[in-house]
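None of the figures in this text is laboratory data; all of them are computed from the coordinates on show. Worth saying up front: this structure is predicted, and the values here are computed from it rather than measured. Ideal geometry is used to build each Cβ from the backbone, glycine not excepted, and the neighbour counts take in all protein chains shown.
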Amino acid sequence: MKKDEMIEKNLKRSLIGMTILMTALAVFQNPVQAEMIRGEVVAVKDDGSSFGFKRAVPSELSIPEQFDIAVLANTKFEKISSLKELRAGDEVVVDVAQRKNGTWEADSVRIFKVRLYKE
């Protein structure tokens, strides 16, 4: 086999490998949309699985004005230790991602401003 033929064969293999890799990344990419947004906690579910959220400012993106955000075992919290400390009226900054099934999940939740009156 000539040197040019070997180079061409290796390039084709590389191109096929890159195509397969790019296809796999596109197929298995979990979040459809991910954003860092600020807003207010509307309510916290009793079972600790999610909280209601209302955006502070309108978005040109397809993020609803008010929606529920799921909290997972790997969700990080800043200025609070868990969802149990979050209360309606708290202002938060949430790193949130919308999954293909339409649910919103928090990657991190940070208290921006604590409500004025504690219960």
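Just a few scattered comments:
- Charge dipole (Cα centre; +1 on Lys/Arg Cβ, -1 on Asp/Glu Cβ; no other charges) of region 33-113 amounts to roughly 100 debye.
- Cβ crowding within 10 Å ranks V94, V41 as V41, V94, fewest other Cβ atoms first.
- Simple spin-label estimate for M36 and L11 gives 4.2 nm between the two label positions (7 Å along the Cα-to-Cβ direction from each Cα).
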